[in-house]
């Protein structure tokens, strides 16, 4: 179990995969946004073997390497999108979901997420305990160097702004997350850049969805982050996150702003 910490009250501090029932994953789709991640996908994709997932969809965000070929080699559906942005890649991938998919889990292509925890991530949704599960990157489980100082600052600022505007405690904007398809349709995601994670979490509040947070490991990627690894990337992502927060707060029903 993770050490005691001031986590929000909707945080699940259970022993991750050990206590997760082995649900049938045939209605679960893994969505992987990717840009020039061929080398990482060669390591990541074999980890899904034996899970009997319903579908794996890679949102190829204009890669110039063999990302799409590697994904197809391992049986994934590839959604090609030329518009750059995390949200654009996720949105394109979601358009390729099979009709029988009921639960979606978003996984990074850069090997930062522990995909063996997929059963633990989807268990509360399949057990009708919640609609959304956010994998939160708590320090005891977060690999050294996995998040830059600017990333950590921006992350904490974002959840503080959510708390101030909606009085809801999120620990993190962790990209490793699961959501029921019904809830995702209800949220009606609009962001196509790097405000995707904060939009999903704010829209979950606005739609009165049930959210749980699960502390998960977060590993340092073997390849430099295109977002957290550069000042330009951090500033761009930070602007997208803040502008998304502002848009959703300004347009919230009943707001005077």
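Remarks
- Whole-number percent relative contact order across the chain, with pairs defined as alpha carbons under 8 Å at least 6 apart: 22
- Across the range 96-210, Cα-Cα pairs farther apart than 24 Å form 25% of the total.
- One decimal place: the segment residue 49-residue 129 gains 26.1 nm when fully extended, by the rule 0.36 nm per residue minus the C-alpha distance.
- Residues 171, 176, sorted so that the one with the fewest Cβ neighbours within 10 Å comes first: 171, 176
- Per-residue extension of 0.36 nm, minus the Cα-Cα distance of residue 220 and residue 189, leaves a gain of 8.3 nm for this segment.
- In this structure, residue 157 and residue 206 have a Cβ-Cβ separation that, at R0 = 30 Å, corresponds to a calculated FRET efficiency of about 0.90.
- Compactness index (Cα Rg / 2.2 N^0.38 Å), the chain: 0.94
- Taking every Cα-Cα distance in the range 112-172 and sorting them into 5 Å bins starting at zero, the pair-distance distribution P(r) comes out as 4, 15, 19, 21, 19, 16, 6, 0 percent.
- When only alpha carbons are used to place a centre, the range 30-56 and the range 120-194 end up 21 Å from one another.
- The range 74-114: projected area of the alpha-carbon convex hull, averaged over directions, in nm²: 3.8
- When each of 153, 106 is scored by the number of other beta-carbon atoms lying within 10 Å, the sequence from fewest to most is 153, 106.
- Computed helical MRE - 222 nm, the chain, DSSP H runs ≥ 4 contributing -39500 (n - 2.57), nearest 500: -10500 deg cm²/dmol
- Label-point gap, in nm, between residue 251 and residue 168 - each point 7 angstrom along Cα→Cβ: 1.6
- Residue order for 82, 244, 223, fewest other beta carbons within 10 angstrom first, comes to 82, 223, 244.
- Segment residue 83..residue 144, full-extension length gain: 18.7 nm, with 0.36 nm per residue of separation and the alpha-carbon distance subtracted.
- Label separation (residue 95 vs residue 73): 2.7 nm, computed from points 7 Å beyond Cα along the C-beta direction.
Every number in this text was worked out from the coordinates using simple rules, so none of it is lab data. Because the structure is a prediction, the values reported are computed rather than measured. Note: ideal-geometry Cβ built from the backbone for every residue, glycine included; neighbour counts use all protein chains shown.
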